[in-house]
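This report refers to the structure that appears directly beneath it.
The values are calculated or read from the model by the stated rules, or taken from the named source; none is laboratory data. Being a predicted model, the structure only gives us computed values, none of them experimental. When we count neighbours, we look across all protein chains shown, and the Cβ atoms used for this are built from the backbone with ideal geometry, even at glycine. Just so you know, the surface numbers come from the protein's heavy atoms only, side chains and all, with ligands and any DNA or RNA stripped out. Shrake-Rupley method; radii C 1.70, N 1.55, O 1.52, S 1.80 Å.
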Amino acid sequence: MSRFRWLLPAVATVIWLIIGGVTGPYAGKLAEVQINDRAAFLPDDAESTMVTSALSAVQDDQFLSAIVVVEYGRELTEADLAEAERLAQQLGGIPGVTDSPEPPVPSEDGQAVQFAVPVDSGNDVAETVAQIRDAVQGAGQHVYVTGPAGFAADLSNAFANIDGLLLAVALSAVLLILLVVYRSPLLPFVVLSSAVLALAASSAIVYTLADRDVLTLNGQSQGIMFILVVGAATDYALLLVSRFREALQEHRSGYQAMTLAVRRALPAILASGGTVILGVLCLLASALNSNRSLGPVAAIGIALAMAASLTFLPAVLALLGRTVFWPFPPRYGEPQAGRVGIWGRVARLVGSRPRLVWVFTAAALAAFALFVPRLDTEGVSQSDLFLSEVEAVQGQQALAEHFPTGAGSPAFIATPASQAEAANALVAADPGVADVAPLTSDGADAQAEQGAPPEAVEDQALSIAVLNDPADSPAAVETIRRLRADLDSVSPDALVGGETAVLLDTQEASSRDLVVTIPLVLLVVFVVLVVLLRSVVAPVLLVAANVLSFAATLGAAALVFEFVFGFDRIEPAVPLYGFVFLIALGIDYSIFLMTRVREEARRFGTRPGIMRGLTATGGVITSAGVVLAATFAALAVIPLSFLVQIAFIVAVGVLVDTLVVRSLLVPALSYDLGDRIWWPTRRTSRRALRDRSEKGTDAVVR
């Protein structure tokens, strides 16, 4: 029977290779089902969403405006205006343009014109905008395509590198680290193969669900899923390979060694993956569709990373046996490594001065946490979202130079018809509004006397308001907030929508998500740890340590963002994502440590078990933390401030969790508490105490 032990691993390997061959192309197809429009992320009861629904009654199609700005660098002539009109009519024939563009409007300084081109939001906006940009080249000294459609197109273009550059950078970073860790030319490629197969399978599932409108996928969710899958699969592989190496020193057979390795690593991997899955699924409680959809997208990725790490990877390792570690394979019967070296010295430091170690590390983390209030989470404008020059931002600057800055993205006011006149008068008197005019049933500005009420559509009147400030500026957001409050005195049913209102609603929904999601994540993680460790004190300690670690990371980020990167503000979703990932992922390393401590404590007692567990897991957990930090850092290759901020917070936070919390704070505090760490159960049995007294504790860490 033993001669056929290779059959099961071989079958598992072949099945995974078939899965990879079938699902591999889907990673490159995810861009086809992305939705990167902020308005689509808002819930149905958001005020701007309700205004959009009202606008659909006077608009035949749902569209985004592409604003064409032509600068001439001189005084306009009649010929220039005629040419601009001809160009606008020509753009109406481009596929994806829903109607004839509006007539060109000259600027007050007489040196530029602008006109709006309606782009079908259900079509490929990036492709339509690209065709518009090609068609208008050479129209003047400078010509730009901006507005909501222009920004949506440039955002899609920024995300276009996710399945190419991002993945290449992440995999290259992981490969380099694994080559250093394993000192083997073969093993790193086996580990990366497991990660790539998990990524292919998860991409196929996410593509299918997004294509059928079961979930909403955007560029940031796709990028985060790629990083999570590669990082998590590699972390689980490091843990399994470490156990496999140990088992090969106990068994001659690679198959028997792998069986033992899986049995030992399985609880930690399942607990770790389950914690991350449950943690990210807490995002389902978010109000924003973008946050809510990230939960299942990330959960699918983590589940497939676990599946590949517990099936494909063990199968390949069992087939290759010791050969996979060439040129330094472990020998049967040799003493296990990990009881000497730097982690032995760290363990002795923790054991000799536990209270000093945990007090000092906690104080250092708390000092960084004091800078958290410097982090401004009021949100950023669309212009500040891009870290490289894009045409939409340049066009927005040109608009601000020649036209009322809010002209390209006006606000829309919806009020009961009977209160429309009073509402328009109030809006016109606001210092942040340049002009207000009624909107007729055909969607055009009403050509009526000043102050005339707009035409009623289903007893609801619509007006269009041009703001004095750029639509994505903090000043414009404040104007919308003020208008909403003032209009309540006219009618509680009055609504304010438009691009600026979408930005405001997104910020408010993100702030609400912080308040709701963070306690839910903490509760879920705490319950998982209680079940896993069968203790109350240890979970409280671990959760508190990771919360302190997150606060310290956020404080450090506040300083770096302000004084190094020059980020004045960040999106409210950045600390939310950072919290979810750092608590769910950072707790992994404490799980890896404490499950090993629990295993060792059964034999040697709690305090010796802590020292042995820290020594045995030090190398593998540090390697796992460095790998995960490197993969998240790869997000910085996408030139968007949101992803760079996420990359910094998670990468630094993971290193803090790995090198400080798991290495010093948690083991030192646990050592200081002793058996009380397992309350209300008693981890140190009488047999353990007897064995410990017979063997002595001075040889626990050599």
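A few points about this structure:
- In terms of packing, defined here as the mean over residues of other Cβ atoms within 10 angstrom, the peptides 630-637, 518-525 line up highest first as 630-637, 518-525.
- Acute angle (nearest 10 degrees) that the helix 606-633 long axis makes with the longest principal axis of the chain, alpha-carbon atoms: 30 degrees
- Using alpha carbons only: equivalent-ellipsoid semi-axes of the range 136-177, gyration tensor based, whole Å: 35, 12, 6
- Sorted into 10 angstrom bins from 0, the C-alpha pair distances of the chain split as 3, 14, 22, 21, 16, 11, 8, 5, 1, 0, 0 percent.
- Under the criterion of Cα pairs below 8 Å and six or more residues apart, the relative contact order for the chain equals 18 percent.
- Surface accessible to a 1.4 Å probe, Glu600 within the full protein complex, Å²: 10 Å²
- Note on the chain: dipole from Cβ charges, positive end direction compared against Pro148, Ser286, Thr517; the farthest Cα belongs to Thr517.
- Helix axis angle, 219-248 relative to the chain longest principal axis, alpha carbon, degrees: 10 degrees
- Sequence of Trp678, Trp326, Trp343, Trp6 from largest to smallest accessible area, 1.4 Å probe: Trp326, Trp6, Trp343, Trp678
- With respect to the chain, whose longest principal axis is taken over its alpha-carbon atoms, helix 167-182 is tilted by about 20°.
- Per-atom-type breakdown for the chain gives carbon and sulfur 58% of the accessible area (1.4 Å probe, protein chains only).
- Each peptide among 12-21, 44-53, 609-618, 640-649 gets the average number of other Cβ atoms lying within 10 Å of its residues, and from highest to lowest they stand as 609-618, 640-649, 44-53, 12-21.
- Residues whose amide H falls under 5 Å from that of Leu640, counting only those 5 or more places apart or on a different chain, are Leu387, with hydrogens built in the peptide plane.
- With Cα atoms defining each centre, the range 41-120 and the range 371-441 are spaced 16 Å apart in the structure.
- Peptide ranges 232-243, 412-423 listed from the most packed, as the mean C-beta count within 10 angstrom indicates: 232-243, 412-423
- q = 0.18, 0.22 Å⁻¹: log10 I(q)/I(0) that the Debye formula gives for the range 101-168, counting C-alpha atoms only: -0.77, -1.00
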